[in-house]
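Asks: Pasting a structure here, questions to come.
The values are calculated or read from the model by the stated rules, or taken from the named source; none is laboratory data. Quantities reported herein were computed from a predicted structural model and do not represent experimental measurements. No Cβ is skipped: glycine too gets one built from the backbone with ideal geometry, and neighbour counts run over all protein chains shown. What goes into the accessible areas is simple: the full protein's heavy atoms, side chains included, and nothing from ligands, DNA or RNA. Shrake-Rupley method; radii C 1.70, N 1.55, O 1.52, S 1.80 Å.
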Amino acid sequence: MKRLCSLLPLLLLLLPLGAMADTGLTAITVENRADGGQTYSVSIQVLALMTALGFLPAALMMMTSFTRIIIVLAILRQALGTMQSPSNQILIGLALLLSFFIMVPVFDQVYDQALQPYLDEEIAPQEALQRAAEPFREFMLGQTRSSDLDMFAEIGQVDQVESVDKVPFSLLLPAFVTSELKTAFQIGFLILIPFLVIDLVIACLLMSMGMMMLSPMIISLPFKIMLFVLIDGWSLIMGTLAQSFFT
């Protein structure tokens with residue numbers, strides 16, 4: 001856990017800090033004016049770093065297992081018909097915690113192969129960044145469909161790649177996200193089926209009893225919750241999601 005907490009922020013600083021160290025540029029420069037005052041200016045590297053930090057949440061969500069998990073949990077809530085329970089904050093928290101659990105092997109590889117040697121001053125920042133990218137590349141390739149890679153390669157007019165390990169990130173990222181969306185909706189479809197059957201049965205019973213003004217959702221909700229609890233639904237959902245990344 002100590003590795004996990006220190007890994008991501010330090011990796012973000014590898015390239016900008018390395019470039020600043022190599023070029024000898026400082027973050028803030030002070031210039032004396034003719035009237036005796038001083039003018040402060042911020043270097044381009046700092047501005048670029050602050051801009052990159054704004055894209056950090058999106059990058060972390062798109063390069064990890066977060067996308068698949070949060071979509072499946074949202075579909076599950078819709079299938080149960082519990083409206084806003086669990087709340088969005090709880091669903092995001094569950095998705096983040098499960099994502100960290102799934103991504104721990106990747107983070108450990110990045111820490112051992114890239115971050116720790118860089119902190120020990122054994123490798124240059126550029127080499128550390130390349131080493132850090134490899135575990136993420138391997139993880140994303142393992143979850144990406146070849147059809148999605150071919151589609152984006154055709155759209156981007158990318159020449160034939162020599163091997164899978166040579167796939168550029170500009171091609172791998174959209175293909176990975178597309179594959180994750182497909183997989184998430186496939187899992188969500190399988191989750192929806194039993195709850196849809198319950199809704200249909202309740203609706204048919206109410207129609208046969210002439211209770212057409214009564215919403216079937218009110219009657220079917222307790223049955224869906226009871227079914228979900230009896231089959232230990234949360235353990236099944238969380239376990240299935242975790243196992244889907246290790247197959």
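Asks: Return the carbon/sulfur percentage of the accessible area of region 43-124, one whole number, probe 1.4 Å, all protein chains in place.
Replies: 70 percent
Asks: Taking a cut-off of 15 Å, what percent of all Cα-Cα pairs in region 133-198 are separated by more than that?
Replies: 55 percent
Asks: Next question, about the same structure. Using the per-residue mean of other Cβ atoms lying within 10 Å as a proxy for protection, in what order, highest first, do the peptides 129-141, 62-74 fall?
Replies: Top of the packing list down: 62-74, 129-141.
Asks: Another one. With a cut-off of 11 Å, note down the residues of region 212-228 whose backbone N falls inside the zone around a label point 7 Å from the Cα of LEU205 toward its beta carbon.
Replies: From region 212-228, the list is 219-224.
Asks: Next question. Taking 22 Å as R0, compute the FRET efficiency from the Cβ-Cβ separation of SER146 and GLN243 and round it to 0.05.
Replies: 0.50
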